[in-house]
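Undergrad: Here's a structure for you.
Bear in mind that the values in this text are calculations on the coordinates, not laboratory data. This is a predicted model, so every value here is computed, not measured. Note: ideal-geometry Cβ built from the backbone for every residue, glycine included; neighbour counts use all protein chains shown.
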């Protein structure tokens, strides 16, 4: 009998701003993906700021403007044989359907999805 792997879903939530929800998500998803080898998906439900997606864009821009950072990023991705984990911006009420849509179109099913 074949068992289907279930994706672990993790969410940090509170109506209060500035308590570290995005920071905790970024740190945990990075450690789990880059250090421990899990396939991670991040749904950025921080509408309308989308701070995680914006942080990724800023980081990418910084990396692309600096040869040292470009080489370091290339070395990291080659050493772990993985790309950066996906970050998908969405509204909270659309998060589950958007995550499922992504999983259905992706060749790699996430082990862990952060909301």
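Undergrad: Shape verdict for the chain, please, from the Cα gyration tensor: rounded (a/c under 1.5), prolate (a/b greater than b/c) or oblate. Write down the numbers at each step before the final one.
TA: Details: a/c = 1.84, a/b = 1.13, b/c = 1.64.
Note, shape of the chain comes out oblate.
Undergrad: Also: Among 22-28, 106-112, what's the highest-first ranking by average C-beta atoms within 10 angstrom per residue?
TA: Numbers: 22-28: 16.6, 106-112: 14.1.
Listed from highest to lowest mean packing, they are 22-28, 106-112.
Undergrad: Given R₀ = 22 Å, FRET efficiency for residue 91-residue 64 by Cβ-Cβ distance, to 0.05? Display every interim value, and only then the final one.
TA: On the way: r = 29 Å, r/R0 = 1.32.
It comes to 0.15.
Undergrad: Right, something else. If packing is taken as the average number of other Cβ atoms within 10 Å across a peptide's residues, how do 75-82, 36-43, 55-62 rank, most packed first? Display every interim value, and only then the final one.
TA: Numbers: 75-82: 11.0, 36-43: 19.5, 55-62: 12.6.
Taking the mean over residues of other Cβ atoms within 10 Å, the ranking is 36-43, 55-62, 75-82.
Undergrad: Shifting gears a bit: For Cα pairs less than 8 Å apart in space and 6+ apart in sequence, what is the mean separation divided by the residue count of the chain, i.e. the relative contact order in percent?
TA: Once normalised by length, the contact order is 46 percent.
Undergrad: Also, I was wondering about something else. When the helix-only estimate is applied to the chain (DSSP H runs of n ≥ 4, each -39,500 (n - 2.57), divided by the residue count), what is the mean residue ellipticity at 222 nm, nearest 500 deg cm²/dmol? Before the final figure, lay out each step's value.
TA: Values: 4 runs with 49 residues, N = 115.
Per the formula, -13500 deg cm²/dmol.
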